[in-house]
Amino acid sequence: MEALLAFTRPPLDWHALAPELTLLAVGTILTMVDIIWDEKSKQVMPTLAGVGLLAVLVPIMTLALDGTDRAMFDGAYVVDDFALVMKALFIIIGYVIVLMSVDYIRDGDYYENEYYTLMLTSLLGMLMMASSRDLISVFVALELLSIPAYMMAAWRKGGRRSNEAGLKYYLMGVFASAVMLYGMSLIYGLTGSTSFSGIASELALDDSATALSILGVLFVLIGFAFKVSAVPFHNWAPDTYEGAPTPVTAFLAVASKAAGMVALIQLVFVAFDNHEVIQPFFWLIAALTMTIGNLIALRQTNIVRLLAYSGIAQGGFMLVPFAVAGQASERALQAIVVYLIIYAFMNLGAFSVVLAVSRKTRSGELESFGGLFQYAPGLAVAMTIFLAALAGIPPAGGWFAKFGLFRALLDAGGAWAATLGVVVAINTVIAFAYYARVLGQMWFQPIHEGDERPVKLTSALGSALVIALVATMAFGILPGLVGHFGEVAVLSTLGF
């Protein structure tokens, strides 16, 4: 009893927690509006969600202007420049997804109120992930962002494919969490610490349990490899992406993958810094993910499945710098952050075009893009820019993302890096082959089913498309805009 009475609450930095608290308040407001006004609230729910997300950017900006690194819970929760950049990215992604969702969810007669609440809850987990510097807080953040995503994937409750998508995602997610938790238990048993800094120092000193540390590190990395749909942990992604509502697919392909990458950054560059298993593990899964994702994408006839395998391959490109984290840590970290930011906008843009076209054609097949330039030239040009970005063709932003990969590999040097660079180059060419198939349909094939009616682009979806298009082109023409964020990540995470 005396021990309980002597307990004192750990000091809290309310300014540091302001983004999370603001997002929590927005979710609470959505829930209260839903309870009070019920059916009448559907009309204002997307607006509340969108405005609420923009409001979260305010404390993020004030923290960035303050410029002070803040730590709580003995360093388990840190708010530094890297965390703020990632939080801002998550919030902007969430805002674009809300814009993409407005008409899709409303026209489909889905449960609008719960949909936006679940999305905000998942984003809250992502904000927490950006600041987590401890195995426990990372796991809590992962589950907080994943559980709502499982339900969102199965949002079309009457559709068999949506139910299949949610079930596969859930079962594979639970399995991956179990593997990751076992790895975390091994790491804790070996080091006696759950903080990333404590784990790093103990692993650097302890040479007596190499096999155990390798097993623990591998299991933790495998858990997050599932989250970023790395081969061979990718089997859930194509079916889940195809079966889930298209805005949810975009959310999983961009926001969820970004959260997994953020966790891997902290684990690889801080907790498991220079561990002997890092280079061979990431070399292997990066090469496999790029190659298998691209080769299977070549055979796809459905645009969503094609983008799903494209997303798997793009994830493989993002994993490349992890393989040289020990030899060129600064360049590697900068390359990952830059690629992550550019990938988010070019992929959101591609899904926005798919969503706009499918509203007219009611089809996800590649053939439905036939003759798109003839009746919707603006959408055809926009899709061309996004596909060019994904392929790494200037001036769209994707070229700078690919450039960062090669620069990291060149700085690392050695046979491992050179061989991986060759694999990246070959896969870049393969990827262009299936992007060119989509371009051929839009520009050179006859109009799908002879239907020349124009595509009705709603204001919300048009806004999402414009945001993605402007960002994709701006990052390609003025690469210093996004390169600055990579430098900020290096300064915050590595200290130089």
Enumerate the residues in segment 169-188 having an amide nitrogen under 18 Å from the point lying 7 Å beyond the Cα of Glu202 toward its Cβ. 180-188
Kirkwood-based Rg over Rh for segment 299-364 (C-alpha set), two decimals? 1.14
The Kirkwood hydrodynamic radius of segment 339-381, taken as the inverse of the mean 1/r over all distinct Cα pairs, in Å, comes to 11.1
What percentage of all Cα-Cα pairs in segment 87-230 are separated by more than 23 Å? 45
Rg/Rg_globular for segment 324-446, with Rg_globular taken as 2.2 N^0.38 Å and Rg from C-alpha atoms: 1.24
Rh_Kirkwood(segment 245-309) over Cα pairs, Å, one decimal, evaluates to 13.8
As a test of the formula, what do you get for the chain when each DSSP H run with n ≥ 4 contributes -39,500 (n - 2.57) and the sum is divided by the residue count, at 222 nm and rounded to the nearest 500 deg cm²/dmol? -25000 deg cm²/dmol
If you line up the Cα atoms of the chain on their principal axes, what length do they span on each, largest first, in Å? 74, 62, 42
Computed over the chain, the relative contact order (Cα-Cα under 8 Å, seq sep at least six) in percent reads 14
Looking at the calculated P(r) for segment 14-132, what percent of the C-alpha pair distances fall above 21 Å? 38
Considering just Cα atoms, how many Å³ per residue does the convex hull of segment 277-496 enclose? 107
Inter-probe distance in nm under a simple model that places probes 7 Å from Cα toward Cβ, at Ile36 and Leu298: 5.9
Rounded to the nearest 20 Debye, what is the dipole magnitude of segment 277-496 about its Cα centre when Lys and Arg each give +1 and Asp and Glu each give -1 at the C-beta? 240
Over the Cα atoms of segment 410-496, what Rg and Dmax result, in angstrom? 20.2, 59
Full-extension gain in nm, Ile147 to Gln43, via 0.36 nm per residue minus C-alpha separation: 34.8 nm
The Cα extents of segment 219-337 along the principal axes, largest first and rounded to whole Å, are 41, 25, 24
Which distance in nm do the two modelled labels at Ala55 and Leu478 give, with both placed 7 Å along the Cα-to-Cβ direction? 3.0
Given 0.36 nm per residue, what is the gain on full extension from Tyr182 to Ala436 after removing their alpha carbon distance, in nm? 87.1 nm
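Values in this text are rule-based calculations from the coordinates and carry no lab data. It should be emphasised that the depicted structure is a prediction, and the values quoted were computed from it without experimental measurement. Note that we place each Cβ from the backbone using ideal geometry, even for glycine, and neighbour counts take in every protein chain shown.
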